[in-house]
Amino acid sequence: MGEEPGRRGLRFLIDSVILIDHLNGYKEATLCIARLAPEAALSVITRAEVLAGFDPPEMAEALGLLDRFPTLIIDKPVADLAARLRREHRWKMPDALQAALARYHSLELVTRNTRDFPPDRHPFVVLPYVLPG
């Protein structure tokens, strides 16, 4: 995939937790993905995180979902921005890379990870739903 963001009018970068919620049967995640899909992309980080949870025989469903979205790669400008964001916010590198991809491509990061990405501190973060519990 690896399409350029501007080619499809992308607005959102969907975080792995949203896709994992969907694969675990949470209807809130399924509805969120259906609503955002036409304007959404994934990162190579999200792809790796989701696929890491599957053994090869069960991977088809995850691949089918992941392959519906353009996948953004990490290049030098994104890596440089991630390094700066990691220093500023003390994020783990995967979170810094995810934030850097969203910021670099002017996308909103769609996640439930409010511990690392509180929306009140990071205006590029969208919390699409809250799971009961």
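Miscellaneous remarks
- When each of GLU88, GLU39, GLU28 is tested for being touching a Gly at 6+ places or on another chain (Cβ under 8 Å), of a type in the set (D, E, K, R) and either modelled with pLDDT of 95 or more or under 26 Å from LEU131 (Cβ atoms) (or both), the lone residue that passes is GLU39.
- Annotation: of all residues in the range 57-79 being more than 17 Å from the chain's Cα centre (by Cα) and closer than 27 Å to ALA37 by Cβ, the one that is surrounded by the fewest Cβ atoms within 10 Å (Cβ to Cβ) is PRO57.
Results for (1) out of contact with any Cys (no Cβ under 6 Å at 6 or more places or on another chain); (2) part of a helix (DSSP H, G or I); (3) β-branched (Val, Ile, Thr), shown as yes or no for each residue.
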| position | (1), (2), (3) |
| --- | --- |
| THR30 | yes, yes, yes |
| ILE33 | yes, yes, yes |
| LEU42 | yes, no, no |
| ILE45 | yes, yes, yes |
| ALA48 | yes, yes, no |
| LEU65 | yes, yes, no |
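- Flag if GLU61 is farther than 16 Å from LEU10 by Cβ, at pLDDT below 95 and assigned to a helix (DSSP H, G or I): yes
- Residue in the range 107-130 that is in a helix (DSSP H, G or I) and of a type outside the set (Val, Ile, Thr) present: no
- Answer residue from the range 80-107, given it is closer than 14 Å to SER16 by Cα and of a type outside the set (Gly, Ala, Ser) and is surrounded by the most Cβ atoms within 10 Å (Cβ to Cβ) among those: GLN98
- Subset of the range 28-44 that is buried (at least 20 other Cβ atoms within 10 Å of the Cβ), within 10 Å of the chain's Cα centre (by Cα) and hydrophobic (A, V, I, L, M, F, W, C) - its residue that is farthest from LEU97 (Cα to Cα): ALA40
The values are calculated or read from the model by the stated rules, or taken from the named source; none is laboratory data. Remember, predicted model here, so these are calculated numbers, not experimental data. Cβ: placed from backbone, ideal geometry, glycine included. Neighbour counts: every protein chain shown.
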